[in-house]
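Below: the structure, in structure tokens.
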Amino acid sequence: MSLRVIVETYGSYTVNAVPIRFFMDDDEFDISLIEDRWQTPNAEYFKVRTTEGKHYLLRWDLSQHEWTLHSSFDGNELLARPGTELIVVGPKAIQEAVSRIAGCESCRGNQANLRFDRIIADVLDKHGPYEFIVTEPAYCQNCRRTLTEKTFVEPQGGFEVHIAS
Ligand SMILES: [Zn+2]
């Protein structure tokens, strides 16, 4: 089931749009967190949490240019990515990951060629079929834009190898 909704975003619809609230009938839903976002050839999906703590899936149709809401999606097959383990990333690890980047796709352009979740994977030393969900917003230290797990970033001084002790 999907429903057309009006969505207010930061940024343009084509580059790095981040939904901040959506409207359904007369109700306004403020988004407190983008828990996940990913793109398919036809659409961009945002898994969001509202200030009321509810989860929704917003879909931006890349050819129709319209938003739809997929409500109460917990358990929705759209999110079922078999073989993938979801890891919730806490504030400390987020901070550590942020400190390891020099900039993001907004301020570094093509220099930013690594997904932010690769940095998180390094911080947590979790390499493999993992998907990371940040528990609070992360911001680029260089331009202060919001970083999602899928934002391209430029690592500080190249790759680091961490050996667990
Ligand atoms: Zn930046």
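Each reported figure results from applying straightforward, stated rules to the coordinates on display, with no laboratory input. Just so we're clear, the structure is a prediction, and the values are computed from it rather than from any experiment. Here the Cβ is made from the backbone with ideal geometry for all residues, glycine too, and neighbour counts use every protein chain on show.
Table for the structure above
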{"quantity": "Fully extended contour minus Cα-Cα distance, from GLU131 to LYS92, at 0.36 nm per residue", "calculated": "12.3 nm"}
{"quantity": "GLU28 paired with ASN113, simple spin-label distance in nm, labels 7 Å along Cα-to-beta-carbon", "calculated": "4.4 nm"}
